[in-house]
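Take a look at the structure below.
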Amino acid sequence: MKTVSPVLDHAPPALTITGITCHVLLAPDYDPGFTSSAQDSCVVLIETDGGVTGVGECDVNPWMAKAAIEAPGTHTMGLSIRDLLIGANPFEIGAIWQKIYTHTAMNGRRGVVIHALSAVEMALWDLCGKAVGKPVHALLGGATRDFITPYASLQPAGSSFEAYRDALVESALKARALGFRAVKSEVTMNGPYAHDGMCESYDRHTEVVAAVRKAIGPDMTLMVDVQYLFEDAKTCLDVVRDWAEFDLFFLETPIWSDNVEEMAKLSAEAPMKIACGEWLATRFEFRELMDIGKVHVAQPDVGRVGGIGEAKIVCDMAAERGMPIVPHCWKTGISISATAHLAFVTSHCAFVEYLPPQLCVERLRRELAQEELTLRPDGTIPLPVRPGLGVELDFDALRRYTVA
């Protein structure tokens with residue numbers, strides 16, 4: 001089974017993993033009715049006998065992730081992630097991933113355990129980069145370009161149609177003023193994840209897309225996320241055929257991820273690219289999405305798919321199929337940095353999701369970690385050069401928001 005380990009031009013320093021600490025973080029002002037997983041986090045710190053520590057993060061219920069990592073093992077098919085890590089060589093990331101994947105299989109293979117493994121694997125890449133003084137993209141084989149293009153994720157506000165529409169338009173204009181060339185607008189006023197309990201018609205969704213496009217003009221790239229709004233391909237097509245005039249780069253998660261047969265019907269007829277993959281764990285789920293679901297854009301999330309290495313494998317699979325990559329990331333600067341390093345070694349990565357603090361309401365996103373990434377006036381992010389992920393963790397904030 002293919003795995004990914006650091007590419008080095010010399011022997012790595014001799015290091016042994018001595019400990020792992022899991023922090024469950026929760027913002028004190030979190031809103032359980034808010035469709036945003038950036039209000040909490042599971043942050044993992046992996047320590048070594050050489051004093052080098054790596055940091056990682058996953059995007060799943062943090063209490064579940066902590067349990068998945070720390071739970072004791074009871075048999076060979078359900079061992080402890082923590083115990084499997086202790087004593088290992090951190091530079092053998094691929095072997096560690098395979099060992100954990102194999103020996104947690106009865107409990108894992110997909111879902112929470114793989115999401116939790118993402119944080120562990122991410123921390124190992126950060127640790128190895130720091131140990132050899134190189135950024136993660138260098139350990140992944142080297143950057144294929146010197147800049148990437150981010151898009152701003154726009155968050156709605158308010159519980160009325162007018163407030164929702166106007167908030168998205170306002171944030172789109174703010175993103176343009178900050179220098180973004182591209183934006184993604186959440187347009188979800190109905191369906192399983194309707195914003196603030198809203199129940200608006202599909203025509204109203206069209207009105208919001210039209211308002212955002214009018215606000216940003218024809219030159220900015222516009223993507224739309226409807227968060228599993230439609231039950232099937234026919235219902236979706238009845239609505240989005242009218243969206244061709246808005247020149248969307250993609251439509252994200254229009255129908256349920258597991259409904260790959262309907263996804264294929266939609267992909268065949270939609271007037272824009274169909275994007276999906278934010279929730280998927282491992283290359284195996286992406287293979288089904290690509291080969292049966294026939295999506296046009298794959299969206300691995302480094303904090304869910306199994307880590308940076310597994311995301312790289314998914315990117316390679318997309319390249320083999322001639323598909324662009326636009327990674328999903330809705331977390332703090334830890335995951336955003338990991339996503340950027342992946343993008344710099346993925347030439348077919350069209351955009352990266354970027355949440356600048358100026359556009360965020362989530363406290364953890366603003367306060368927990370400062371990434372090296374900077375948005376230039378031309379709307380691009382230059383190549384990071386700091387060792388590891390290049391993230392500065394605010395340990396005061398880590399302590400302040402740790403609840404378990």
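The values are calculated or read from the model by the stated rules, or taken from the named source; none is laboratory data. This one's a predicted model, so the numbers in the text were calculated from it and none came from an experiment. Cβ sites come from the backbone with ideal geometry, for glycine too, and all protein chains shown count toward neighbours. Heavy atoms of the whole protein, side chains included, go into the accessibility calculation; ligands, DNA and RNA do not. Shrake-Rupley method; radii C 1.70, N 1.55, O 1.52, S 1.80 Å.
Remarks
- Test: residue in region 18-33 that is free of Cβ contacts under 8 Å to residues at least 12 places away in the same chain and of a type in the set (D, E, K, R): yes
- Residue count for region 1-53 under the criterion of being among the acidic types (Asp, Glu), in contact with a helix residue (DSSP H, G or I) (Cβ under 9 Å, 6 or more places away or on another chain) and at pLDDT 95 or above: the result is 2.
- Looking only at residues in region 134-162 that are open to solvent by 20 Å² or more (accessible area, probe 1.4 Å) and assigned to a helix (DSSP H, G or I), the one that is farthest from residue 200 (Cα to Cα) is 138.
- Residue in region 306-313 that is more than 28 Å from residue 229 (Cα to Cα), open to solvent by 20 Å² or more (accessible area, probe 1.4 Å) and out of contact with any Asp or Glu (no Cβ under 8 Å at 6 or more places or on another chain) present: yes
- Residue match in region 124-140 (condition: farther than 27 Å from residue 279 by Cβ and charged (D, E, K, R)): yes
- Test: residue in region 262-276 that is of a type in the set (A, V, I, L, M, F, W, C), in contact with a Leu (Cβ under 8 Å, 6 or more places away or on another chain) and farther than 25 Å from residue 245 by Cα: no
Residues are listed down the side, and each one gets a yes or a no for (1) farther than 30 Å from residue 355 by Cα; (2) among the acidic types (Asp, Glu):
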{"residue": "28", "(1), (2)": "no, no"}
{"residue": "39", "(1), (2)": "no, no"}
{"residue": "45", "(1), (2)": "no, no"}
{"residue": "50", "(1), (2)": "yes, no"}
{"residue": "92", "(1), (2)": "yes, yes"}
{"residue": "95", "(1), (2)": "yes, no"}
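- Entry remark, region 338-352: residues being open to solvent by less than 10 Å² (accessible area, probe 1.4 Å) and free of Cβ contacts under 8 Å to residues at least 60 places away in the same chain number 1 in total.
- Index of the failed condition, residue 185 passing every other in (1) surrounded by fewer than 22 Cβ atoms within 10 Å (Cβ to Cβ); (2) within 30 Å of residue 313 (Cα to Cα): (1)
- Residue 266 vs. criteria touching a strand residue (DSSP E or B) at 6+ places or on another chain (Cβ under 7 Å), more than 24 Å from residue 151 (Cα to Cα) and either modelled with pLDDT of 95 or more or not hydrophobic (A, V, I, L, M, F, W, C) (or both): yes
- Flag for residue 373 being under 29 Å from residue 53 (Cβ atoms), open to solvent by less than 20 Å² (accessible area, probe 1.4 Å) and not in a helix (DSSP H, G or I): yes
- Qualifying residue in region 114-121 (condition: of a type in the set (S, T, N, Q), free of Cβ contacts under 8 Å to residues at least 60 places away in the same chain and open to solvent by less than 30 Å² (accessible area, probe 1.4 Å)): no
- Qualifying residue in region 353-370 (condition: modelled with pLDDT of 95 or more, in a loop (DSSP other than H, G, I, E, B) and open to solvent by less than 20 Å² (accessible area, probe 1.4 Å)): yes
- Test: residue 165 is within 22 Å of residue 229 (Cα to Cα), open to solvent by 50 Å² or more (accessible area, probe 1.4 Å), among the charged types (D, E, K, R) and assigned to a helix (DSSP H, G or I): yes
- Pair list, Cβ < 8 Å and 6+ apart or interchain, from region 379-404 residues that are farther than 14 Å from residue 133 by Cα to residues that are among the aromatic types (Phe, Trp, Tyr): 379/180; 380/147; 381/147; 381/354; 382/147; 383/147; 383/344; 404/63
- In region 371-388, of all residues being modelled with pLDDT of 95 or more and among the β-branched types (Val, Ile, Thr), the one that is farthest from residue 399 (Cα to Cα) corresponds to 380.
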